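Okay, so here's the structure we're looking at.
What follows is calculated from the coordinates using simple rules that are stated; it is not laboratory data. These numbers were taken from a predicted model, which means no experiment stands behind them. Every residue, glycine as well, gets a Cβ built from its backbone with ideal geometry; the counts of neighbours run over all protein chains shown.
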Amino acid sequence: MILLLTFLSSCTTNKSFVGLYGKCRKSYFACTQIELKADNTFEYFIFMDVGGGNVIKGTWNTISNDTIVLNTYNQPEILKTTYKGKINPDLNGKVRIKISDKNGALGFASVEINDKVSGIATNEYGIAEFETKSLKNVHYKFLGQNETIKIDNSNYNDIEILIKDLNINAIPEFLTDYKIVVKGNKLILNTNYIHKKTNLKNKQWK
């Protein structure tokens, strides 16, 4: 009985979320709208004066009474940043760090170590070298994407980091478990982006 009530409640919640959110002004220079469909698919329309408009598509699911997650059909090849470390006896008193993505070495990425105590940019081969005898963590920044990677062995002095796929465009290439809070007739993406439910006739794409 409890399972049945939970299922019915979930179905009711899903149905109440269905609709178009976000209303664009006439002669707009920027506009975003999200349509949540009854079959748990979505279409996310993003228009900017520079670059035009695009629609990204995927599926949505509820994870609580007031929260949904979006996952686009297009997903990254490398979802998570990883590293390989070793002790290189030739690097006495130094640490060498190489930053790469799926396409190869990342030149001119910003690299900081040990809680950002010191930092430099990688060279054209994606390599940065530091004068230090131990390594606790590495922080990188590249084209708006940044992460801190904890190093499990502080004695590693030769590190190769393969970063997750970049998703830095104004119009995202993919969304992975992207959480949105639903309150009443509003989708709250963050404090700056709140979309109210609107009539489907206001949809800006076909």
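Brief remarks on what is shown
- Which listed pairs, of Lys136/Lys179; Lys179/Lys206; Lys84/Lys141; Lys102/Lys183, have C-alpha distances above 27 Å, in listed order: Lys136/Lys179; Lys102/Lys183
- Label-to-label distance for Val117 and Lys206 is 6.2 nm, based on points extended 7 Å past Cα in the beta-carbon direction.
- Pairwise Cα inverse-distance average, inverted: Kirkwood Rh of the chain (Å): 20.1
- In this simple spin-label model, placing a label point 7 Å from the Cα along the Cα-to-Cβ direction at both Glu77 and Leu91 gives a separation of 2.5 nm.
- GNM top mover of Lys26, Lys98, Lys116 - the chain, alpha-carbon springs below 10 Å: Lys26
- Note on Tyr178 and Asp49: their simple-model spin labels are 2.3 nm apart, each label 7 Å out from Cα toward Cβ.
- FRET efficiency estimate (nearest 0.05) - Cβ-Cβ, Glu124 to Ala170, R0 30 angstrom: 0.65
- Working note: Debye formula, equal point scatterers on the alpha-carbon atoms of the stretch 82-162, no solvent; log10 I(q)/I(0) at q = 0.12, 0.16, 0.24 Å⁻¹ is -0.28, -0.50, -1.19.
- Euclidean distance between Cα centres, the stretch 132-185 to the stretch 57-101, Å: 6
- Ranked list, fewest to most other Cβ atoms within 10 Å of each Cβ, for Leu106, Leu189: Leu189, Leu106
- Listed by chain and number, the aspartates and glutamates placed with their C-alpha closer than 15 angstrom to that of Lys15 are Glu35, Asp39, Asp66; residues fewer than eight positions away on the same chain are left out.
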